[in-house]
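A short worksheet on the structure shown next.
The values are calculated or read from the model by the stated rules, or taken from the named source; none is laboratory data. None of these values were measured; they are calculated from a predicted model. Every residue, glycine as well, gets a Cβ built from its backbone with ideal geometry; the counts of neighbours run over all protein chains shown.
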Amino acid sequence: MPLAFDNAFARLGEGFFTRVTPTPLLNPSLGLKSPDAAALIGLDLQHPDTLALMGGQVMPVGSDPLAQVYAGHQFGGFSPRLGDGRGLLIGEVAGWDLHLKGAGKTPYSRFGDGRAVVRSTVREFIASEYLAAVGVPTTRAAVMAVSDTPVQRERVEKGASLLRLARTHLRFGHFEYFKTQGKTAELAALVDHALARFDLAPGDSPALALFRHALHSNAALVAQWQGLGFCHGVMNTDNTSIVGDTIDFGPFGFMDAHDAEHVCNHSDHQGRYRFENQPGVMKWNLACLAEALVPLAGIEPLRMALDEFDEAFRTAYRDVLHRRLGPVSDGLMLGWLALLETGADHTLAYRYQAEYRGRKDGHYERLVSLFDTKHREGLDRWLARLADEVPDFDARASALVATNPRRVPRNWICQRIIDWAEAGDWASAQAACDALFAPFDKADPQWDQPPPESLRHLAVSCSS
Ligand code: AMP
Ligand code: MG
């Protein structure tokens, strides 16, 4: 069935984008696929039209490919004009933006080649579909393709493309762009467009309504990241979604050993986007968004709304911890966070405490093995207090194994999948992805592990 396009963003008019057609890839073929994401828009992954779309050869009937213009604060500094440098909004289907990443140069490519390579595309595919699987708001990845187009990075790599689906591609940077251009009418049109798309009541001040939605959804999002040990890596305002979805996966990382100071992006020399900074950075980004909306909503209402962030984050993080630990007291919750800070494996520590049923069946030994012996006493004290609060460990465990994943896309796992993808072994790559995307199901000794020593310090840096 053909895709039913309704391109509301394109109807905003020329000032918001430049129409661009993709530059075709040579000899494309499909790689990783997500039938769940494809189903959201009724995309037939087997149909030849899907391959033609992924290769940038033939755009679907009803699409209207364009590159959006936006600005953004990158590592704290303002870039007045960024935009889609290597991806195109193809159109909107069933409330989803279709975005073809790696589609060639656009007027916003600056010094870039407009391309994406296999490793970055595979990483985005994995992270987006994994986050969706564990219930964290995110853009989706329906399918990726690989080609014979040579792309120069440190070495020559194969050009790849990804079909990203998003509830919207509007970033904080869109609003910053029109504010700094002094284009208040366009700014207001963008606010109205976003509110209509999300069926949000405009109230007395549409810009304030949108801001508060962005604030609360992004506070909840970053709380989920903290619970999962997810580091975004490049939390620039052009990579921050107006509706609180995780967007733009580059050098992201799921932590192995818990480390509040973990920096997943090797290009982030100051550690601006280190794990513990993510909530504060989100608030900083929201302050940028507030500033962009001042011409529409006035300073004071936005300042008051921004003050809601700390409480919104705290409440959301508490909710996340209650889902991971059960309805424990604040004392136990804080005690758990202190235990994690000792450097236990983030994912396994959560999972093993969820499975813990007292000192039988090896549960205690497995949990205790994650902690250095000098923290064993602390863990024992915590478990004793937990036993005081929990009437029935079996009931607790059966609830909590559904909220504490066995595995996350650790860098070493992503790298294995990339190696298979680059070698053209899509069956192995897809099987590993499928195991990752069912992280609550049966144990899988191959993937439910911390990194092997040799893969402990894989380096990942900015856009590729
Ligand atoms: P990022 O922080 O990776 O989301 O990218 C920041 C900006 O650089 C965006 O405007 C991207 O479109 C652009 N960009 C990243 N990689 C490329 C590339 N290979 N070619 C053109 N533009 C790019
Ligand atoms: Mg970006």
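Search region 196-218 for residues being within 20 Å of the chain's Cα centre (by Cα) and of a type outside the set (Gly, Ala, Ser), and hand back the single one that is modelled with the lowest pLDDT.
By that ranking, first place goes to PHE198.
Results for (1) out of contact with any helix residue (DSSP H, G or I) (no Cβ under 9 Å at 6 or more places or on another chain); (2) away from ligand 2 (no atom under 16 Å from the Cβ), shown as yes or no for each residue.
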residue	(1), (2)
ARG171	no, no
THR180	no, yes
LYS183	no, yes
LEU187	no, yes
LEU190	no, yes
ALA196	yes, yes
LEU200	no, yes
PHE211	no, yes
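Which residues, counting only those in region 379-405, are assigned to a helix (DSSP H, G or I) and over 23 Å from ALA338 (Cβ atoms)?
Answer for region 379-405, where residues must be assigned to a helix (DSSP H, G or I) and over 23 Å from ALA338 (Cβ atoms): ASP394, ALA395, SER398, ALA399.
Please specify each residue of region 304-327 satisfying the condition of being surrounded by 19 or more Cβ atoms within 10 Å (Cβ to Cβ) and more than 21 Å from the chain's Cα centre (by Cα).
ALA305, LEU325, GLY326
If you scan region 104-133, which residues turn out to be among the small types (Gly, Ala, Ser), within 10 Å of ligand 1 (Cβ to nearest atom), crowded, with 22+ Cβ neighbours inside 10 Å and farther than 14 Å from ARG153 by Cα?
At the first step, the residues of region 104-133 found to be among the small types (Gly, Ala, Ser) are 104, 109, 112, 114, 116, 120, 127-128, 132-133.
Now drop any that are not within 10 Å of ligand 1 (Cβ to nearest atom), which leaves 104, 109, 112, 114, 116, 120.
Now drop any that are not crowded, with 22+ Cβ neighbours inside 10 Å, which leaves 104, 114, 116, 120.
Hit for region 104-133 is GLY104, nothing else.
Could you count how many residues in region 425-453 are part of a loop (DSSP other than H, G, I, E, B) and surrounded by 13 or more Cβ atoms within 10 Å (Cβ to Cβ)? Give the steps one after another, and end with the answer.
Filtering region 425-453 for residues part of a loop (DSSP other than H, G, I, E, B) gives 425, 437-452.
Going one step further and asking which of them are surrounded by 13 or more Cβ atoms within 10 Å (Cβ to Cβ), we end up with 425, 437-440, 444, 447-451.
Of the residues in region 425-453, 11 are part of a loop (DSSP other than H, G, I, E, B) and surrounded by 13 or more Cβ atoms within 10 Å (Cβ to Cβ).
Any residue in region 76-93 that is surrounded by fewer than 19 Cβ atoms within 10 Å (Cβ to Cβ) and under 20 Å from ALA37 (Cβ atoms)?
There is no residue in region 76-93 that is surrounded by fewer than 19 Cβ atoms within 10 Å (Cβ to Cβ) and under 20 Å from ALA37 (Cβ atoms).
Give me a count of the residues in region 269-303 that are surrounded by 15 or more Cβ atoms within 10 Å (Cβ to Cβ), basic (Lys, Arg) and assigned to a helix (DSSP H, G or I).
So the count comes out to 1.
With surrounded by fewer than 20 Cβ atoms within 10 Å (Cβ to Cβ) and on the phi < 0 side of the Ramachandran plot as the only criterion, which of ALA160, ALA188 stands out? If you could, list the steps in order and put the result at the bottom.
Working: ALA160 fails: surrounded by fewer than 20 Cβ atoms within 10 Å (Cβ to Cβ).
Going through ALA160, ALA188 in turn, the sole match is ALA188.
Look through VAL408, VAL460 and report the one residue that is part of a loop (DSSP other than H, G, I, E, B), in contact with a Phe, Trp or Tyr (Cβ under 7 Å, 6 or more places away or on another chain), touching a residue at least 60 places away in the same chain (Cβ under 8 Å) and aliphatic (A, V, I, L, M). Please lay out each step first, then the result.
Values: VAL460 fails: in contact with a Phe, Trp or Tyr (Cβ under 7 Å, 6 or more places away or on another chain).
After applying the criteria, what remains is VAL408.
Only residues that are in contact with a helix residue (DSSP H, G or I) (Cβ under 9 Å, 6 or more places away or on another chain), closer than 22 Å to THR121 by Cα and within 13 Å of ligand 1 (Cβ to nearest atom): list them for region 71-96, please.
GLN74, LEU82, GLY83, LEU89
Check ARG123, ARG153, ARG171 and return the single one that is within 25 Å of ASP6 (Cβ to Cβ) and not hydrophobic (A, V, I, L, M, F, W, C).
Numbers: ARG123 fails: within 25 Å of ASP6 (Cβ to Cβ); ARG153 fails: within 25 Å of ASP6 (Cβ to Cβ).
The unique qualifying residue is ARG171.
Hey, can you tell me all the residues within region 1-54 that are of a type in the set (Lys, Arg) and over 30 Å from TYR177 (Cβ atoms)?
Within region 1-54, the first condition is being of a type in the set (Lys, Arg), and the residues that meet it are 11, 19, 33.
Answer for region 1-54, where residues must be of a type in the set (Lys, Arg) and over 30 Å from TYR177 (Cβ atoms): just LYS33.
Between a first residue in region 42-71 that is of a type in the set (S, T, N, Q) and a second residue that is in a helix (DSSP H, G or I) and buried (at least 23 other Cβ atoms within 10 Å of the Cβ), which pairs have beta carbons less than 9 Å apart while being 6 or more apart in sequence or on different chains?
SER63/LEU53; GLN68/HIS174
Quick grid of which residues meet (1) modelled with pLDDT under 95; (2) surrounded by fewer than 18 Cβ atoms within 10 Å (Cβ to Cβ):
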| site | (1), (2) |
| --- | --- |
| ALA338 | no, yes |
| ALA349 | no, no |
| ARG357 | yes, yes |
| HIS375 | no, no |
| ARG385 | no, yes |
| PHE393 | no, yes |
| CYS414 | no, no |
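Somewhere in region 328-349, is a residue among the aromatic types (Phe, Trp, Tyr) and without any contact (Cβ under 8 Å) to a residue 40 or more places away in the chain?
No; the residues of region 328-349 include none that is among the aromatic types (Phe, Trp, Tyr) and without any contact (Cβ under 8 Å) to a residue 40 or more places away in the chain.
Please go through region 74-104 and pick out each residue that is part of a loop (DSSP other than H, G, I, E, B) and either within 11 Å of THR168 (Cα to Cα) or more than 16 Å from ligand 2 (Cβ to nearest atom) (or both).
Of the residues in region 74-104, the ones part of a loop (DSSP other than H, G, I, E, B) are 75-76, 80-86, 94-95, 102-104.
ALA94, GLY95, GLY104, listed by residue number.
Out of the residues in region 243-275 meeting the condition of being among the aromatic types (Phe, Trp, Tyr) and touching a Ser or Thr at 6+ places or on another chain (Cβ under 9 Å), tell me which one is farthest from ligand 1 (Cβ to nearest atom). Talk me through it step by step, then tell me what you get.
Looking only at region 243-275, we keep the residues that are among the aromatic types (Phe, Trp, Tyr), and these are 249, 252, 254, 273, 275.
Imposing the further condition that a residue be touching a Ser or Thr at 6+ places or on another chain (Cβ under 9 Å) reduces the set to 249, 252, 254.
Numbers: PHE249: 9, PHE252: 11, PHE254: 19 Å.
Only one residue tops the list, namely PHE254.
Residue-by-condition table, conditions (1) farther than 30 Å from TRP284 by Cβ; (2) acidic (Asp, Glu); (3) within 16 Å of ligand 1 (Cβ to nearest atom):
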| position | (1), (2), (3) |
| --- | --- |
| MET1 | yes, no, no |
| LEU32 | yes, no, no |
| ASP36 | yes, yes, no |
| LEU43 | yes, no, no |
| PRO60 | yes, no, no |
| LEU100 | yes, no, yes |
